[in-house]
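Visitor: Take this structure first; my questions come after.
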Amino acid sequence: MQRILVLAGRDPSGAGLDADRDALTGIAVEGLFVATAETDQDDAGVRSIGARDPDTWLAEARLAARSGVRAVKFGLLPGSDAIENAARLVVELRQTGHVHVVLDPVIAASSGARFLDALDVEVLRGSLLGLDVIVTPNLSEAAELARVPVRELETNLAARIDVARLLTGLGAAAVVLKGGHGHEDPVRDLLLEAGRAPVWFGHRRTPGGKLRGSGCRFATRLAAELALGRPLTAAARSAGEFVAARIAGIARS
C-alpha cells in the first residue's frame, strides 16, 4: 500500500484532517497525518486558530516520512513560519526521490475569517508555490494569489486560464482551479499544467449540497491518486468525482 503524508489543521466542524481521512475512503492508500494547528471553528466563524509550533510538527512530519511516502498534501499552514517549514520539508523529501506535492492554499475560512495575512500570502507565493507543486485553489484563493479581483473569475472562464498560467509562471507544476464558487452550471474545474493546453472538467451543481472540507477532500484525494501512479488528468478527474459524489450524498440525506 502506498503512503501519503498529510499536513493540515484539525477542525472540529468536519474539515481539515477529518476531511482528509474521509478522502482516503475506498482507495488503497495509507495516510500519515500531522496537525499544523488545533482550530476551533464552525460555519459561524473561527474562534481560535491554535497554531502549533512549526518546528514541532516539522519534526513529526520528518519522522512520519521515514516510512516512505509517494505524495505530500499541505492544507492549513498558519503563518509565514509554517509556510517556510513546509518548503523545507518539500526540499528534503525530494532529495530522497520523486514526491508529488499537492498544495491546498488555505487562506481564509468559509466564514471569511483569515488564516493568512497579506505578508503570509506573499511568503506562500515566493516560497512553497514555486517548488513545482500542484496547487488546488478555489476562485477566491486563486484571485488572491494572482492579485486580481475575484469577480473576474466568477463568470469569465478565459480569466481563469490567465490566472492559472500566472501561477504556473510563479513555479507551480500545475493548477487545478476549482469552479464551485463560480456562477456556471455545470461547474467547470480547470487543470492547467505548465507548458500544456488547459483541460476542463464538468460536473452538475447539486442544489442543497453543502460540504465542509470539500477543498480538503479534493486535494487529499488528488494526492492519493497520484501516489498510485495515475496521470494528473485522470487523478484530478477522479478527485472531482469523489467530492461531487460526497456533496450529492449530503443533498439526498
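Visitor: Leu170 versus (1) in contact (Cβ under 8 Å) with a residue 24 or more places away in the chain; (2) in contact with a strand residue (DSSP E or B) (Cβ under 8 Å, 6 or more places away or on another chain); (3) more than 14 Å from Ala244 (Cα to Cα): which is the lone unmet condition?
Guide: Going through (1) in contact (Cβ under 8 Å) with a residue 24 or more places away in the chain; (2) in contact with a strand residue (DSSP E or B) (Cβ under 8 Å, 6 or more places away or on another chain); (3) more than 14 Å from Ala244 (Cα to Cα) one by one, Leu170 breaks only (2).
Visitor: Of these, Ser48, Ser127, Ser67, Ser111, which one is under 21 Å from Leu24 (Cβ atoms) and either surrounded by fewer than 19 Cβ atoms within 10 Å (Cβ to Cβ) or out of contact with any strand residue (DSSP E or B) (no Cβ under 7 Å at 6 or more places or on another chain) (or both)?
Guide: Matching residue, one of Ser48, Ser127, Ser67, Ser111: Ser67.
Visitor: For segment 152-192, which positions are of a type in the set (A, V, I, L, M, F, W, C) and touching a Lys or Arg at 6+ places or on another chain (Cβ under 8 Å)?
Guide: Scanning segment 152-192 gives Leu153, Leu157, Leu170, Leu177, Val187, Leu190, Leu192.
Visitor: Now for a different question. Go over the candidates Val72, Val91 one by one and state the one that is surrounded by 17 or more Cβ atoms within 10 Å (Cβ to Cβ) and either under 18 Å from Val6 (Cα atoms) or not aliphatic (A, V, I, L, M) (or both).
Guide: Checking each option against the conditions leaves just Val72.
Visitor: Residues in segment 215-253 that are of a type in the set (S, T, N, Q), in contact (Cβ under 8 Å) with a residue 24 or more places away in the chain, closer than 26 Å to Arg10 by Cβ and surrounded by fewer than 23 Cβ atoms within 10 Å (Cβ to Cβ): how many?
Guide: Residues that pass the stated criteria total 0.
Visitor: Here's a follow-up. Among Val163, Val199, which is of a type outside the set (Gly, Ala, Ser), free of Cβ contacts under 8 Å to residues at least 40 places away in the same chain and crowded, with 19+ Cβ neighbours inside 10 Å?
Guide: Only one candidate qualifies: Val163.
Visitor: Against the conditions (1) in a loop (DSSP other than H, G, I, E, B); (2) crowded, with 18+ Cβ neighbours inside 10 Å; (3) not aliphatic (A, V, I, L, M), where does His98 fall short? Just the number, please.
Guide: It fails just one condition, (2).
Visitor: When Arg246 is evaluated against the numbered criteria (1) assigned to a helix (DSSP H, G or I); (2) more than 19 Å from Val29 (Cβ to Cβ), which criterion, by number, is the only one it fails?
Guide: Checking Arg246 against (1) assigned to a helix (DSSP H, G or I); (2) more than 19 Å from Val29 (Cβ to Cβ), the one that fails is (2).
Visitor: Criterion first (in contact with a strand residue (DSSP E or B) (Cβ under 8 Å, 6 or more places away or on another chain) and not in a helix (DSSP H, G or I)) does Pro137 satisfy it?
Guide: When the stated conditions are applied, Pro137 passes them.
Visitor: Among the candidates Leu32, Leu63, single out the residue that is outside any strand (DSSP E or B), farther than 23 Å from Ala113 by Cα and without any contact (Cβ under 8 Å) to a residue 40 or more places away in the chain.
Guide: Of the residues listed, the single one that is outside any strand (DSSP E or B), farther than 23 Å from Ala113 by Cα and without any contact (Cβ under 8 Å) to a residue 40 or more places away in the chain is Leu63.
Visitor: For residues that are surrounded by fewer than 17 Cβ atoms within 10 Å (Cβ to Cβ) and closer than 19 Å to Gly79 by Cβ, scanning just segment 1-44, find the one that is nearest to the chain's Cα centre (by Cα).
Guide: Glu38
Visitor: Something else about it: Condition first: touching a His at 6+ places or on another chain (Cβ under 9 Å) and of a type in the set (A, V, I, L, M, F, W, C). Now tell me which residues in segment 174-194 satisfy that.
Guide: The one that is touching a His at 6+ places or on another chain (Cβ under 9 Å) and of a type in the set (A, V, I, L, M, F, W, C): Val187.
No lab work stands behind these numbers, since they all come straight from the coordinates. Fair warning: this is a prediction, and the values are worked out from it, not measured in the lab. As a convention, Cβ positions derive from the backbone with ideal geometry for all residues, glycine included, and neighbour counts pool all protein chains shown.
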